[in-house]
Amino acid sequence: MSKSKEKRIKKLKKNHIWPSIVGLSLILLIFTLILTAVLSLSVMNIVERKMLDSSEKSLKIAELFENYKPGTETEIRQKVLSYTDILDEIETVSVTDAEENPVWSSNDEYPVIENALGFEIFTDEELKKFRIIIDEDNKHLFVVEDGELVIDGTVFFDIFRTTFDIESTFTNVRIWYVIPVNGMNVMVLNDIHVYYRDLIMILSCAILCGVLIVIFVIYYLVSIISMAVSAHRTTKIIYTDMLTGGDNWLLFIKKATTLLKKNKRGSLNYAMLHLEMRKYRSFCTCFGVSKGQELVEKFHAVLKREMYRKETMAHQEDEAFGLLVTYTDTAQLEARIQKIENALNAVLPGMKMYFGVGVYLVQPGENDVEQLYNNAMIACEMIGDEAENRTAYFDVEMNNQKLWERKVEDDMDRALANREFQVYLQPKISTTEEVLGGAEALVRWIHPTEGFIPPNRFIPIFEKNGFILKLDDYMLEEIARVQAGWLAEGRELVPISVNVSRAHFTREDLAEHICAIVDKYQVPHSVIELELTESAFFDDKKVLLGTVRKLREAGFQVSMDDFGAGYSSLNSLKELQIDVLKIDADFFRGADVEERGLLIVSEVIDLAKKLNMKIVAEGIESREQVEFLTAQECDLIQGYFYAKPMPVAEFAEKYNV
């Protein structure tokens with residue numbers, strides 16, 4: 001998998017849930033702190049407001065002692081008691097002199113002055129000293145600030161009550177206020193009450209805030225759960241094959257890589273298999289694409305059941321599957337493959353199906369799954385469509401062949417442009433006088449670094465990738481150019497045959513295309529012979545017959561190459577009007593040449609004569625063969641007995657054309 005593709009997939013799969021959970025936790029913490037602070041401040045605000053109110057009342061009480069003199073206690077008591085509205089919160093009024101000796105008290109209660117504690121706080125103005133007086137039961141306190149009243153201090157709460165009434169006290173604060181008056185300390189004990197109705201108001205606000213928080217949290221949780229479900233669904237989609245519903249190729253690579261990495265010490269033997277159904281396209285043509293897809297689904301189910309622990313498989317594409325399996329030895333592996341094929345054949349009991357299997361035996365430490373699978377595919381490609389042996393093992397030579405194919409394809413366009421493809425001519429000798437009767441144009445590749453490359457190393461590759469079309473046109477034009485040059489020099493022209501690959505016969509204007517190439521050099525059509533192979537007869541027969549007819553009408557000679565190499569030669573002779581029949585060289589090779597091969601050649605020559613065709617025998621290498629063909633009145637002989645293919649200049653010099 002490419003790095004960019006892997007990066008995009010990782011980004012798509014990336015889970016953003018954890019940041020959301022952390023964010024929710026932080027938000028809940030912040031909301032909790034804020035709510036706690038608000039509640040605390042709300043309660044404190046009520047207490048502070050009541051303390052401010054009580055301080056004002058305490059100041060009024062203190063003012064009563066501005067003119068206090070010994071003997072006026074009764075009058076003072078009456079005045080204090082006259083503040084009935086104040087007495088609801090004021091419990092005790094006590095007065096001490098400058099030496100803190102008791103002077104007067106409304107109920108004979110005085111705070112314990114000697115338990116005073118001192119501390120300092122910093123204000124914007126100056127450093128001020130406070131004195132906190134705590135009484136014996138640790139509930140009362142009062143504060144002195146350099147002789148002036150300060151509304152501050154420590155409060156004591158009774159939070160819980162056993163009964164509830166909206167007018168009942170929720171909690172209370174009892175605090176002494178110390179007010180210096182007339183050289184005395186007037187101390188007022190206030191019992192400040194916070195009622196349930198005040199708390200209910202605060203709690204109502206808190207509940208409202210809590211409900212909003214709960215709604216927000218639920219919404220946030222739903223979003224997180226939705227993200228988690230979406231992430232899981234996305235991951236499942238990424239790793240699901242849309243045809244089979246099982247693991248797709250991405251997940252196969254991931255699982256296989258994990259298995260191979262865990263097996264780096266080689267405790268298990270692994271084999272990578274590429275398994276494909278032969279003629280799957282034909283099946284789809286006969287029964288429909290949907291039936292073909294159903295068949296692939298069934299194959300997937302069978303293969304999944306055949307997997308063992310520490311193995312994995314997945315649908316690769318179309319009719320192909322990738323399997324990473326364990327094995328003990330190659331015999332056991334081949335038996336396993338046969339068992340799998342039998343299970344697949346059982347899917348459609350009434351139909352025989354064929355499978356190709358490419359095998360790569362994984363070496364310890366190898367974990368590049370895509371490369372390993374590619375090796376298995378190469379092995380399967382080397383089997384061929386019609387091979388009887390449907391299982392092939394990858395070896396180094398296969399890889400070298402693929403590398404060579406890659407090099408050929410990389411260089412072929414440049415080679416054509418640089419005229420690296422050279423025309424070689426092999427003479428055809430007349431049997432009557434043993435003189436030159438024609439030639440066949442053959443291509444040779446003179447590579448700048450590889451040197452001389454024989455046709456069998458690049459022609460099959462060109463036929464597979466379609467470049468043969470360009471090469472055929474190139475060869476035809478080269479022969480037309482050579483013939484035009486000889487014509488201009490006054491030389492006597494002989495017919496030269498040029499191969500026309502079966503791939504050309506897919507176009508209906510092929511005859512016009514060939515005429516245009518040759519006519520560009522004003523060469524007579526009669527000196528150009530066009531060779532087609534018998535295999536072309538199995539393509540579009542109508543187009544082939546029409547093209548051959550047009551070419552013959554245009555004056556070209558048409559020959560059938562490799563006659564006898566196919567299985568329907570006689571049938572093709574019946575329908576195809578041709579001028580020359582070339583007998584395949586295989587008739588002259590092998591142990592049965594004398595007994596059977598020569599008999600068949602004799603009959604073929606006789607048949608061709610009756611059909612008014614010329615006969616060319618190719619691949620002739622001995623005098624005995626020449627004499628036999630001469631006796632059978634074969635027209636032309638081509639083979640190493642007379643000459644190998646040679647460059648055009650050498651051919652012209654040798655045969656004086």
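Once segment 201-222 is narrowed to residues that are under 18 Å from residue 30 (Cβ atoms) and of a type outside the set (A, V, I, L, M, F, W, C), the residue that is surrounded by the most Cβ atoms within 10 Å (Cβ to Cβ) is 220. Before we move on, is residue 267 more than 21 Å from residue 373 (Cβ to Cβ), assigned to a helix (DSSP H, G or I), assigned by TED's automatic domain parsing to the domain that holds residue 371 and of a type outside the set (A, V, I, L, M, F, W, C)? Judged against the criteria, residue 267 is not a match. Selection within segment 390-430: residues that are of a type in the set (Ser, Thr, Tyr) and under 30 Å from residue 621 (Cα atoms). The member of this set that is modelled with the highest pLDDT is 424. Scanning segment 464-495 for residues that are under 17 Å from residue 651 (Cβ atoms) and in contact with a strand residue (DSSP E or B) (Cβ under 6 Å, 6 or more places away or on another chain) turns up 475, 478, 479, 494, 495. Does residue 354 satisfy being over 27 Å from residue 251 (Cβ atoms) and in contact (Cβ under 8 Å) with a residue 40 or more places away in the chain? Answer is yes for this residue. If you go through segment 302-335 and keep only what is touching a residue at least 24 places away in the same chain (Cβ under 8 Å) and of a type in the set (Gly, Ala, Ser), you end up with 314, 320, 322. For residue 563, the criteria (1) modelled with pLDDT of 80 or more; (2) within 56 Å of the chain's Cα centre (by Cα); (3) under 16 Å from residue 531 (Cα atoms) hold in every case but one, which is (1).
Scan segment 611-622 and give yes if some residue there is in a loop (DSSP other than H, G, I, E, B) and of a type in the set (Ser, Thr, Tyr), otherwise no. Yes, there is a match, as at least one residue in segment 611-622 is in a loop (DSSP other than H, G, I, E, B) and of a type in the set (Ser, Thr, Tyr). In segment 489-536, the qualifying residues are those that are part of a strand (DSSP E or B) and of a type outside the set (A, V, I, L, M), and the one that is nearest to residue 573 (Cα to Cα) is 533.
For residue 472, the test of being surrounded by 14 or more Cβ atoms within 10 Å (Cβ to Cβ) and either at pLDDT 95 or above or under 27 Å from residue 506 (Cα atoms) (or both) is passed. Number of residues in segment 619-638 that are without any contact (Cβ under 8 Å) to a residue 60 or more places away in the chain and surrounded by 17 or more Cβ atoms within 10 Å (Cβ to Cβ) equals 5. The set of residues in segment 571-593 that are within 21 Å of residue 640 (Cβ to Cβ), part of a loop (DSSP other than H, G, I, E, B) and either in contact with a His (Cβ under 7 Å, 6 or more places away or on another chain) or modelled with pLDDT of 75 or more (or both) contains only 584. Answer yes or no: is there a residue in segment 237-245 that is buried (at least 18 other Cβ atoms within 10 Å of the Cβ) and free of Cβ contacts under 8 Å to residues at least 24 places away in the same chain. Yes - at least one qualifying residue is present in segment 237-245. Restricting attention to segment 347-380, the residues that are aromatic (Phe, Trp, Tyr) and over 26 Å from the mean Cα position of the chain (by Cα) add up to 2. Taking (1) under 21 Å from residue 475 (Cβ atoms); (2) of a type in the set (Ser, Thr, Tyr); (3) modelled with pLDDT of 90 or more in turn, residue 655 satisfies each apart from (3). Do we find that residue 398 is at negative phi and either assigned to a strand (DSSP E or B) or more than 32 Å from the chain's Cα centre (by Cα) (or both) in this structure? The answer is no for residue 398.
Only one of the numbered conditions (1) crowded, with 18+ Cβ neighbours inside 10 Å; (2) touching a helix residue (DSSP H, G or I) at 6+ places or on another chain (Cβ under 8 Å) is not met by residue 428, and that is (2). For segment 513-546, the set of residues classified as of a type outside the set (Asp, Glu) and either modelled with pLDDT under 90 or not assigned by TED's automatic domain parsing to the domain that holds residue 586 (or both) consists of 532, 533, 535, 536, 537, 538, 541, 542, 543, 544, 545, 546, listed by residue number. Cβ-Cβ distances below 8 Å connect the following pairs, each with a first residue in segment 454-472 that is assigned by TED's automatic domain parsing to the domain that holds residue 511 and under 14 Å from residue 406 (Cβ atoms), a second residue that is modelled with pLDDT of 90 or more and part of a loop (DSSP other than H, G, I, E, B), and a separation of six or more residues or different chains: 461/467.
Checking the stated criteria, residue 72 turns out not to satisfy the condition of being closer than 20 Å to residue 107 by Cα, over 60 Å from the mean Cα position of the chain (by Cα) and modelled with pLDDT under 70.
The values are calculated or read from the model by the stated rules, or taken from the named source; none is laboratory data. This is a predicted model, so every value here is computed, not measured. All Cβ positions, even for glycine, are placed from backbone atoms using ideal geometry, and neighbour counts span all protein chains on display.
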